[in-house]
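A.B. asks: Sharing a structure with you now.
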Amino acid sequence: MLVPLDLAALAWKQSHLSPELALGWRLGRHAHDCFDGLDRVRIAATGHAHTLAALERLARFPEPGMVVKPAGLRPWDMLFYHEPTATALKVVCISRRTTLSPTAIELEDKLNGDDPTVADRYQEELDGLVSNIVNGNLTGLCFVQEIRCRVLDVEKSKLPASCPWCQSRSFTRLIEVDDHICCPACSGLEPDWLV
Ligand SMILES: [Zn+2]
């Protein structure tokens, strides 16, 4: 299978080309294309170590290799935030299109068995999946939502008593996300990014 050179280099560093690695690379490239580079793009992601490694390889801001890995639950798998335009790309992956099928996982368990055709069938499944992640239609792999965010310049005394969405009272700033006004926690962005 032919893969782009920078992905091949990444796979070489990680010892092999896994679907998870390809996924991080594909979405990182997508964000790169959307924002005309990743020089001012903050990245946060959850998920497989290979996906994170691919994103770390592409990350440039605020320093090379910086990817936030949140400990708690998030409403996305990957988040890209372009600071100059306050635009975020929220990515939710479709796991049945980005991970091995149950059939392939069954084959994986039999790789060390007696049937010599298992390895070929497994490799074929794996190649098909990676190829689709690298070259397939992005809308078949994940949901990508573009969100406009803005930290509102409101005096503390004029802040509402509670967030209209979660009713939280413990916040010090308001965020405008598309047309909604909410607290930083409801914005879905990483709290440290909203300065
Ligand atoms: Zn809230």
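Taken together, the values in this text are just the output of simple stated rules run on the coordinates, not laboratory data. Please read all numbers here as calculations on a predicted model, not as lab measurements. Every residue, glycine among them, receives a Cβ derived from its backbone with ideal geometry; neighbour counts consider all protein chains shown.
A.B. asks: Given Cα positions, please report Rg to Rh for the chain, the hydrodynamic radius being the Kirkwood one.
C.D. replies: 1.07
A.B. asks: If R₀ is 22 angstrom, what is the calculated FRET efficiency for the pair Gln123 and Ala9, using the beta carbon separation as r and rounding to 0.05?
C.D. replies: 0.55
A.B. asks: Over what distance in Å are the Cα centres of the range 69-132 and the range 145-195 separated?
C.D. replies: When both Cα centres are located, 33 Å separates them.
A.B. asks: Can you give the extra length, in nm with one decimal, that the chain gains between Cys166 and Leu2 once fully stretched, where that is 0.36 nm per residue apart less the Cα-Cα distance?
C.D. replies: Length gained between Cys166 and Leu2: 54.2 nm.
A.B. asks: Something else about it: With charges only on Cβ, +1 for K and R and -1 for D and E, what is the dipole size of the range 152-195 about its Cα centre, in debye, rounded to 20?
C.D. replies: Magnitude of the dipole: close to 300 debye.
A.B. asks: Another question, then. Loop-only check: which trypsin sites (Lys or Arg not before Pro) in the range 126-195 are DSSP coil with at most 15 other Cβ within 10 angstrom?
C.D. replies: On the way: sites: Arg148, Arg150, Lys156, Lys158, Arg169, Arg173; in loops: Arg169, Arg173.
Those that pass, being in a loop and sparsely packed, are Arg169, Arg173.
A.B. asks: Simple spin-label model, 7 Å along Cα-to-Cβ: Thr85 to Thr139 in nm?
C.D. replies: Here the answer is 2.0 nm between the modelled labels.
A.B. asks: Sticking with this structure for a sec: Residues in the range 123-151, backbone N under 16 Å from the label point at Arg96 (7 Å along the Cα-to-beta-carbon vector): list them, ranges by number please.
C.D. replies: From the range 123-151, the list is 140-143.
A.B. asks: Along the Cα→Cβ direction, 7 angstrom out, place labels at Asp179 and Leu152. What is the inter-label distance in nm?
C.D. replies: 1.5
A.B. asks: Let's see if you can work this out: charge +1 on each Lys and Arg Cβ, -1 on each Asp and Glu Cβ, no other charges. What is the dipole magnitude of the range 5-149 about its Cα centre, in debye to the nearest 20?
C.D. replies: 720
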